[in-house]
Every structure is written in structure tokens, then in C-alpha cells.
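Below: one structure, written as C-alpha cells.
The values are calculated or read from the model by the stated rules, or taken from the named source; none is laboratory data. None of these values were measured; they are calculated from a predicted model. Neighbour counts are summed over all protein chains in view; Cβ atoms, including those assigned to glycine, are modelled from backbone coordinates with ideal geometry. These area figures cover heavy atoms from the full protein model, side chains too; ligands, DNA and RNA do not enter into them. Shrake-Rupley method; radii C 1.70, N 1.55, O 1.52, S 1.80 Å.
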Amino acid sequence: MSIEAEALLQEAKESIEAAQNYRSELQQRLHGLSQARKQVRGTSSQAREGLKRHFSELQSAATQLLADRLSALLIEVEVIEQDSVRPLDDCQKLIEQGVSTADELLREGELALRCGLGEKEDKLGSFTKKALHIQLDSLPEVPALVDVPCVSAQLDDSLLYALRDRVSRHGSVSSHPPVQIEELQERPGSVLVRWCKVDDEYVVQDYRLQYRRSVSGQYEDAYIGREQEFLVLHLDPHTDHMFRVCARGEGRTEWSPWSVPQTGYTTLAPHEWCPGSEGYILSSRRNIAMRSDSSPSKTAVLYSNAPTYFCGQTLTFKLSAAGQVDMRDSIGVCVGCEEGAESLQRDQAVCISTNGAVFVNGKEMTNQLPSITLGSAVTFDMELVNILPVSNNNNLGDGGNFKLRVTIGSGNREVVFDWLLDQAVDCLFFGCSFAYPGWKVLVF
């Protein structure tokens with residue numbers, strides 16, 4: 001084959017490969033468009049059903065409230081009517097009884113006047129006595145119209161205007177929530193969730209973060225507060241979880257629409273303390289250790305179950321209980337587990353004591369951090385800095401001089417220093433030691 005033919009063949013192969021890549025990219029974009037359309041259709045359907053359900057419930061509740069109010073007002077009218085008519089009925093009976101008595105007296109008087117002369121005197125005398133006994137000058141009092149109830153209903157049209165105003169402003173439809181998840185970072189047994197506000201005009205009072213397993217289960221609250229990041233702990237490695245966040249506006253009680261759910265997971269095993277260590281009691285997840293009084297005379301270091309701390313991560317110790325302070329107390333990281341050591345204040349380790357002193361390879365630094373007390377959080381951040389080449393191939397396992405740039409934070413202060421190692425490491429143990437019982441530390 002000639003050189004020109006080979007060049008044409010190579011060009012054809014490159015064109016075919018470029019076309020395949022182009023088609024693959026277009027197919028990915030089609031899939032992205034399909035997902036976007038699915039989100040628009042799905043959320044629109046959910047919003048539509050939510051609006052219908054909400055306003056149907058409002059309509060039913062409002063109808064019931066109006067019916068209950070009408071019934072109460074009708075009962076009030078009935079009570080006023082009954083209470084007012086009762087004395088009028090009694091007065092009517094008294095008057096009708098008087099009319100009947102007067103009619104009877106009139107009949108007797110007319111009969112007495114028409115009777116014969118022999119009986120007239122007796123009839124007239126009897127009639128006169130009866131008339132005097134009846135007291136024809138005594139009349140019952142009939143109340144004037146101004147003195148009896150005149151029932152009326154007062155109906156204020158302002159309710160309709162107020163209702164129309166409130167209804168016209170009730171509910172809203174938004175195309176984008178005011179807050180979205182910005183970043184998901186895997187951590188050992190956890191995921192760090194960061195979010196940001198995307199609506200500059202929305203004044204946030206609180207954020208609310210929820211999560212759930214992506215395949216099943218209900219969302220549950222992970223955090224409510226003003227921070228814009230939170231570390232969600234106790235997550236199983238290699239398991240997808242869904243995260244979403246919303247916000248509550250300043251001076252409002254209702255929450256905003258949820259952000260677009262994001263899927264996150266961690267491939268890193270959770271930090272755990274080593275079980276079976278004398279003098280320490282561990283929680284069921286082994287991420288909390290408490291110094292017990294089972295061996296008060298012996299001080300030993302409690303190490304991690306494995307070297308699970310990698311450079312580039314943030315290792316955090318949270319003190320949830322405090323005991324008596326001792327100069328041998330320590331919290332930190334180390335290259336290996338040294339059996340029989342009473343403290344991390346030794347070679348191949350960096351740590352902070354409960355009095356705030358920082359130790360590097362057993363030597364105390366001049367810089368000091370605040371003392372560790374109940375509620376304190378101590379963080380360790382490290383990055384690997386190469387001093388001399390490990391080998392011609394830069395293989396970490398061949399040994400050499402390395403240093404780790406260490407940042408230890410406690411309270412509102414931090415110290416930064418270089419930790420020189422005589423061998424390359426890509427993962428470290430962590431540990432703690434307390435001379436007296438009562439200390440409890442969570443690691444994550």
C-alpha cells in the first residue's frame with residue numbers, strides 16, 4: 001500500500017472515531033434533555049396535584065366553617081326569639097282570660113237587665129258584686145314595641161374583601177427553588193453537603209437539609225440552622241443517598257420549595273475506635289469512646305480500628321463529656337500503633353493535649369491552642385509535601401524523606417506546621433489517651 005493510501009486510511013479511521021465520539025456526545029445530551037424534560041413534566045404534575053389537593057381541602061374546610069358559623073348564628077336567633085316570645089305569650093293568655101271573663105260578665109249583665117221585675121233586683125245585685133270582684137279597672141301592661149327585641153343580622157362585607165385579598169395572595173408557583181445543593185463530598189462513613197442561595201432577593205432565616213436512601217424510605221431531617229454546609233454521619237459505604245435542601249424566609253413560618261434532589265454516597269469506611277481496648281467503652285457504631293474507670297491506675301492509648309485517615313481529609317474529634325485533666329492526655333494521629341504507649345506524645349505522632357499543648361514527635365511546640373473542654377471540637381487537616389524524591393520512579397513505597405503539612409484547629413484558633421517523616425505514608429491511625437475517667441470523644 002502506498003504512503004498516500006495509508007494516509008487516507010489513517011484519516012478515515014480518525015474520522016470514524018471522531019464521528020463515534022460525536023454521536024456518543026450527542027446521545028449523552030439527548031439523555032440529559034430527556035432527564036430535564038422528565039423533571040419539568042414530573043414536578044409540574046406534582047405541583048398541579050398539590051395545588052388541586054390543597055385548594056380542595058381549603059374549600060371543604062371553608063364550607064364547613066361557614067356552615068358551622070351559620071348554624072351558630074341561627075341558634076342565637078332561635079334563642080332570642082324563644083326568650084322574647086315566651087313573656088308575650090304569657091301576657092296574651094292573661095289578656096285572653098280577661099276578655100273571656102268580660103264577655104261572661106256582659107252576658108250576665110244583659111240577662112239581668114232583661115229579666116222580670118221580680119228577679120231583676122236579685123240579678124242586678126249579683127251582677128254588681130261580681131263586677132266589683134273582677135276589678136274592671138285593672139288592665140295588664142303590654143310592652144311597647146321599642147321595649148321588645150327587634151332581631152336583625154349584622155353582616156360585614158369586609159370579610160369578603162379580606163378573604164378575597166388573602167386568597168389572591170395565597171400560594172405561589174416558582175420555577176426554581178431559592179436554594180440548591182452545590183457540592184457533595186464523601187467522607188469516612190459520611191457525606192459533607194454544601195448548598196448555596198440562588199435567589200438574591202430571598203432573605204433566609206434558616207436552612208433545612210433532609211436525606212434518605214435513594215431506593216426506599218422517607219426523607220428525614222439532618223439539619224436545621226443558618227449554616228450552609230453539614231456533615232451527614234452514619235451513612236453506609238457504597239450506598240446511594242438522596243439529599244435535598246430548602247429555606248425559610250425571614251419572618252415567615254412556611255418552608256420554600258425543595259431543591260432538586262442530589263444523589264451522593266461515600267466509598268470510605270467510617271472511622272472506628274479499636275474494640276477491646278482496656279479502659280475504654282465504645283458505642284455500637286464504635287465512633288464514640290468513653291474513658292472508663294475499669295483501670296484507673298493504667299493509662300493507655302486507644303487507637304483506631306484501622307488507618308482510615310487519608311491526607312486531604314478533615315478529621316474531627318468532638319468532646320461530649322470531660323473528666324479530670326492530666327498532662328499525658330492526648331488526641332491526634334500517628335503512623336502506627338505502638339503497644340504499651342501511655343500517650344500520643346511520642347515519636348511518629350502529632351497530637352494535642354487537653355491543656356491545649358501541641359506535640360510533634362514527642363516534642364512540645366511553642367504555639368498552643370485553647371484547652372479542650374466539654375463541647376470542644378478538634379480538627380486535623382494534612383497534605384503531603386515531597387522534600388526529596390522517593391526514587392527515580394517516584395514510588396511512595398520505596399521510602400524517603402517526606403513531610404506532612406499539618407493544620408490543627410481548636411476553638412477559633414489553629415496551628416500550622418510541617419511534620420517530617422522518614423517514610424512515605426498514605427494513611428494514618430488516629431488515637432486518644434486519657435488518664436482519668438469521664439472523657440467521651442466522637443470521631444468523624
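Under the convention that each Lys and Arg Cβ holds +1 and each Asp and Glu Cβ holds -1, the size of the dipole of segment 31-79 around its Cα centre is about 720 debye. Considering only VAL151, ALA5, ASN367, the residue lying farthest towards the positive end of the dipole of the chain is ALA5, judged by Cα position with unit charges set on Cβ. For segment 219-290, the list of GluC sites (Glu not before Pro) that fall in a loop by DSSP and count at most 14 other C-beta atoms within 10 angstrom reads GLU227, GLU250, GLU254, GLU278. Residues of segment 203-233 falling in the label zone of TYR265, defined by backbone nitrogen less than 13 Å from a point 7 Å along Cα to beta-carbon, are 213-216. Only one residue of VAL204, SER24, SER214 has its Cα farthest out toward the positive end of the dipole of the chain, where Lys and Arg carry +1 and Asp and Glu -1 on Cβ, and that residue is SER24. Ranking ALA61, ILE95, GLN82 by how far each Cα lies toward the positive end of the dipole of segment 53-112 (charges on Cβ) leaves ALA61 at the top. Among the protein heavy atoms of segment 202-302, carbon and sulfur supply 47% of the accessible surface, probe 1.4 Å, non-protein parts ignored. Remark: segment 414-429, residue by residue, has Karplus-estimated 3J(HN,Hα) of 8, 10, 10, 7, 9, 9, 7, 10, 8, 8, 6, 9, 10, 8, 9, 7 Hz, where x stands for each Gly or Pro and the curve is 6.51 cos²θ - 1.76 cosθ + 1.60 at θ = phi - 60°. In this calculation the C-beta distance from ASP157 to GLU183 is compared with R0 = 60 Å, giving a FRET efficiency of 0.65.
What's the long-distance tail for segment 288-354, i.e. % of Cα pairs beyond 20 Å? The calculated P(r) of segment 288-354 puts 29 percent of pairs beyond 20 Å. Of all the options GLU182, GLU342, GLU17, the one that moves most in a Gaussian network model of the chain with Cα springs shorter than 10 angstrom is GLU17. Net length available on complete extension from ARG285 to CYS337 is 16.6 nm, with 0.36 nm assigned per residue and the Cα-Cα distance removed. About its Cα centre, the dipole of segment 117-265 is roughly 280 debye, where the only charges are +1 on Lys and Arg Cβ and -1 on Asp and Glu Cβ.
Extension gain, ASP83 to VAL416, is 111.0 nm, computed as 0.36 nm per intervening residue step minus the present C-alpha separation. Sorting TYR211, TYR309, TYR265, TYR161 by solvent-accessible area of protein heavy atoms yields TYR161, TYR265, TYR211, TYR309, largest first, with a 1.4 Å probe.
Computed over the chain with a Gaussian network model linking Cα atoms closer than 10 Å, the most mobile of PRO275, PRO140, PRO177 is PRO140. Below 8 Å between Cα atoms, with a sequence gap of 6+, how large is the relative contact order for the chain in percent? Reported relative contact order: 11 percent.
Here the contact order of segment 1-151, divided by its residue count and restricted to Cα pairs under 8 Å and six or more residues apart, works out to 22 percent. Ranking LYS130, LYS38, LYS52 by solvent-accessible area of protein heavy atoms (1.4 Å probe, all protein chains present), from largest to smallest, gives LYS38, LYS52, LYS130.
If you wrap a convex hull around the Cα atoms of the chain, how much volume per residue is inside, in Å³? Don't skip to the end; give the middle numbers.
Working: hull volume 166.0 nm³, N = 444.
Value for the chain: 374 Å³ per residue.
Could you check which residue among GLY189, GLY109, GLY362 shows the biggest mean-square fluctuation in a GNM of the chain with a 10 Å Cα cutoff? Greatest mean-square fluctuation among the candidates belongs to GLY109.
Sorted from largest to smallest, which semi-axis lengths in Å does the alpha carbon gyration tensor of segment 171-260 give for its equivalent ellipsoid, taking the root of 5 times each eigenvalue?
24, 13, 11
Can you compute the FRET efficiency between LEU66 and CYS150 using 1/(1 + (r/R0)^6), with r the Cβ-Cβ distance and R0 = 30 Å? Round to the nearest 0.05.
My answer for the efficiency is 0.70.
Across segment 305-444, the mean sequence separation of Cα contacts (distance under 8 Å, 6 or more residues apart), normalised by length, yields a relative contact order of 35 percent. Placing +1 on each Lys and Arg Cβ and -1 on each Asp and Glu Cβ, with no other charges, gives the chain a dipole about its Cα centre of roughly 800 debye. In this calculation the C-beta distance from LYS13 to ALA36 is compared with R0 = 30 Å, giving a FRET efficiency of 0.30. Restricting segment 281-367 to trypsin sites (Lys or Arg not before Pro) that sit in a DSSP loop and have at most 11 other Cβ atoms within 10 Å of their own Cβ leaves LYS298.
Find out how many positive minus negative residues lie around THR63, taking Lys and Arg as positive, Asp and Glu as negative, among other residues whose Cβ is under 13 Å from that of THR63. With Lys, Arg at +1 and Asp, Glu at -1, the net is -1.
Averaged over its residues, the chain has an accessible area of 65 Å² per residue, based on protein heavy atoms and a 1.4 Å probe.
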